[in-house]
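Quick one: the structure is below, and I'll ask about it shortly.
Taken together, the values in this text are just the output of simple stated rules run on the coordinates, not laboratory data. Predicted model, so just to flag it, every value in this text is computed and none were measured. Neighbour counts are summed over all protein chains in view; Cβ atoms, including those assigned to glycine, are modelled from backbone coordinates with ideal geometry.
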Amino acid sequence: MAHPLQDYVASLDSACLPRILQVCSGVYYQGSVYEISGNEVSFSTGDIIKVTDIKLSSVCCEDVSNKETFELPADHEGLLKVIPEEMAYSTIEELVKLRPVSLKRSLPVTFTSSTKLALADVTLGTGSVLTLLAVAEKEERCRCRIQAGPGQSSAEVDVPLGTRGQFSVHENEERFTPRDIAMSPALRSLRFRFDNAAMCQRTLVLSPVYQMSAIMNMRKNVLHFPSTLAMDVVDITDTCEGISFMVPLSLQEVHSRPDQTFPVVVEVAEVPETCSMFKCDWLPRLRTGIQVIFHGKTTSPMTIMSSVTKCKAQQYFMVSEQYAGRFRRRPRGFDSVYELYVAAAQTPGFKVSATRNCEEVEEEGFPGISIGERLEVIGCQNVQVLGGQVDAVVCQHLGEVDDDDEDDDQDGKTENVIHLPLHMQGHFVELLSDKKKYTLNQLGKKPPLDVKAVTPDPGLEKDPLVDFSCLRIEGATLEPTIRASFLHTPNICFEIPTERLSMSVFCTQQPLPWPPNQVPECSVECVTEVTDKFLHQFLKEIHPVTSPPPRPPKRNLSVTKANKSVLTKTFDDMTIRSRRASSPLPAIPASARYRPLPSAPRTLSTISVPNAVPNPYVGERHNFQNPVCEENSSDYENQDDVLAVTLKKAQENVMFY
């Protein structure tokens, strides 16, 4: 039979939990579909919930006169007194058994008899007032005290429990808290009034409000909802003993389970993110509904590597400590002095060779370095340059291998020391004489290093690391992993990093695909390709705060002011702007302002110009002779005509082009 949720929970004993309920009429709140203020408020008809816990959260008070309600916290300290019922009890036994609280707690009880009472020793008249002091249930009698009038002494008598009459209980002095009333089914049926008249004088009926905790199938979190939801439920605990509630688990939750729970067959409930950090063949096969075997859990030391290449795209790998291949070190390249400083701090006796020439800049404190120059990093100190104080790497020149004069090396030891400012650019390569082969455990403690995989892992069908000419070890980390395999290949395992992959599974009851106590030998894939997103997150974890390279010092203006002005002037002289701002050309005299350009050198033969010649430059070229100047008006007229025609022809030529 269906019951309102509030009535069902009020009659439920917490010792009987858990209980399985089926929703007969659903409830839907039009706010959040799933929850509001952390409480579940949406259920559909037919939902099955498993109630695991109930707690009193508040007490609902209803005014009897106008049906208004309000809530009090469960720990409210206000006291309430019982309002006596108007109905009368027909027997003393009924008065005793219907007490709302335990009999010992409710005694003494004062009541009035509306009829005559004929007792063994005395007969009491109508309106007698008695006080119930004690009850002997085995003897079926009670001890009462008769309240005498003024000037009379009271007496005690034994009254049988079966004595009949009309008995009305007086308002006693006992007070109750809201929690007491909510936790007692007998008190919840009575009416109360606050003992403090200043608070409230209304007649109230109190009922409890419980906070319920429950689980549902395929719901990860425990549901919390109030018992006041307007829905009907039916208890189906006795009829569904075989029902199971699948609770999705994250990989972190699976990893926190005890070792005795492995191996187990699980089913994927939520697939990993599409934008994953891994590029491996087993990841696309993890789809919703696929079943996977979890063999066990562990915390594996992992080494992060990246390929060093300029032609191809970089690749990144996460290599387990079980990798059995061998590596040989490769020299590292550096593009700045600051990189030398960082590498030398991790490697004492660090030696490099210059791969490019560096010109000396005295103002910046840059020394001159030639290709092939060999240096050993000694330390770091603050030095004085023309620009100010800077931090510099102290290096010592290394002599050639065939140097024989050791005395000269000792005498010039201090002269071979140079200081390279940290902000200086340069190109260096590490000097290595180590040809030894190392395991991954031996190299993983000294990152970053450049290595070459020279011996493949014999346990791998194809070792991807041997295809690269150079690999860089970025660092090492401890990864919580779960060793897993697919059902059709239980002996081929792979490791799932629980902190790097977001997916959820739930445990199934399916048996393992091998005979009992015959666990197969498994091979583990120890090289996993990852993406650049994985590398960036890993570098943030191992280097949460990285200080930037130092800046160059500020220039000393008093030292460089003169040089700067000279350089500026020289540079300005080389620009078009300076030529535009240069002094103007000298003015052309009026007599020569319209003189045409000669078509031949000035040292030519004389020419005689006749009158009315339109243009001496049109037609054949004549043999010129040195001119003879004659000062007359006809010569000036001839010259003016020639100039006018020449200028007009020049303008036509310009317009043509």
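Can you give the FRET efficiency for E68 and H536, using 1/(1 + (r/R0)^6), R0 = 35 Å, r = Cβ-Cβ distance, to the nearest 0.05? Intermediate values should be presented prior to the final figure.
Numbers: r = 61 Å, r/R0 = 1.74.
With a Förster radius of 35 Å, E is 0.05.
Also, I was wondering about something else. Per residue of region 72-77, what does 6.51 cos²θ - 1.76 cosθ + 1.60 with θ = phi - 60° give for ³J(HN,Hα)? Whole Hz please, x for Gly and Pro, Karplus curve as stated.
3J(HN,Hα) across region 72-77, in whole Hz: 10, x, 5, 9, 5, 9.
If amide hydrogens are placed 1.01 Å from N in the peptide plane, which non-local residues have theirs closer than 5 Å to the one on S300?
Those lying under 5 Å, H to H, from S300 are E479, T481.
Could you work out the Kirkwood radius for region 153-265, taking every pair of different alpha carbons, averaging 1/r and inverting it, reported in Å?
Numbers: mean 1/r = 0.0475 Å⁻¹.
Computed over region 153-265, the radius equals 21.1 Å.
Given points 7 Å out from each Cα along the Cα-Cβ axis, report the R551 to T110 separation in nanometres with one decimal.
Going by the 7 Å Cα→Cβ label model, 9.0 nm.
Starting from a Cα-only point model with no solvent, please compute log10 I(q)/I(0) by Debye for region 212-268 at q = 0.28, 0.29 1/Å.
-1.28, -1.30
With a ≥ b ≥ c taken as the square roots of the eigenvalues of the C-alpha gyration tensor of region 178-336, please select rounded if a/c is under 1.5 and otherwise prolate if a/b is larger than b/c or oblate if it is not?
Numbers: a/c = 3.95, a/b = 2.61, b/c = 1.52.
The shape class here is prolate.
Next up: Show the residues, 5+ positions off or on another chain, whose built amide H is closer than 5 Å to the amide H of M246.
Under 5 Å from the amide H of M246: M218.
In sequence order, what are the phi-derived ³J(HN,Hα) couplings for region 291-303 according to the Karplus relation 6.51 cos²θ - 1.76 cosθ + 1.60 with θ = phi - 60°, rounded to whole Hz, with x for glycine and proline?
In residue order, the calculated couplings are 9, 9, 9, 9, 7, x, 10, 6, 10, 9, x, 10, 10 Hz.
Multiply the residue separation of T91 and L119 by 0.36 nm, subtract the distance between their alpha-carbon atoms, and state the gained length in nm to one decimal.
On the way: separation 28, 0.36 × 28 = 10.08 nm, distance 1.39 nm.
Gain on stretching T91 to L119: 8.7 nm.
For the peptides 506-519, 42-55, what is the packing order when you average, over each peptide's residues, the other Cβ atoms within 10 Å and list the highest mean first?
42-55, 506-519
Further question: Residue separation times 0.36 nm, minus the C-alpha to C-alpha distance between R175 and T126: what's the value? Spell out each step's value before the answer.
Details: separation 49, 0.36 × 49 = 17.64 nm, distance 2.96 nm.
Answer, rounded to one decimal: 14.7 nm.
Follow-up. Summing +1 for each Lys or Arg and -1 for each Asp or Glu, what net charge is found among the other residues whose Cβ lies under 10 Å from the Cβ of P248?
Values: positive: R219, K220; negative: E253, E267, E270.
Result for the local shell: -1.
Still on this model: Could you order peptides 429-435, 341-347 by the average number of other Cβ atoms within 10 Å of their residues, highest first? Before the final figure, lay out the partial values.
Working: 429-435: 11.4, 341-347: 15.4.
Packing proxy ranking, top to bottom: 341-347, 429-435.
May I pose another question? Can you list residues from other chains, or at least 5 along the same chain, whose modelled amide H is less than 5 Å from the amide H of Q211?
Result for Q211 returns K55, L56, S57.
Using the Karplus curve 6.51 cos²θ - 1.76 cosθ + 1.60 with θ = phi - 60°, what ³J(HN,Hα) values do you get for each residue of region 9-24, in whole Hz, with x for Gly and Pro?
With coefficients 6.51, -1.76 and 1.60, one gets 5, 5, 8, 8, 8, 5, 6, 8, 6, x, 10, 9, 10, 10, 7, 8 Hz.
Once fully extended, how much extra length lies between T298 and C16, figured as 0.36 nm per residue of separation less the alpha-carbon to alpha-carbon distance? Please list the in-between numbers first.
On the way: separation 282, 0.36 × 282 = 101.52 nm, distance 3.93 nm.
Extra length from T298 to C16 when fully extended: 97.6 nm.
With each pseudo-label sitting 7 Å past Cα toward Cβ, what's the T355-K138 distance in nm, one decimal?
So the label points at T355 and K138 sit 10.4 nm apart.
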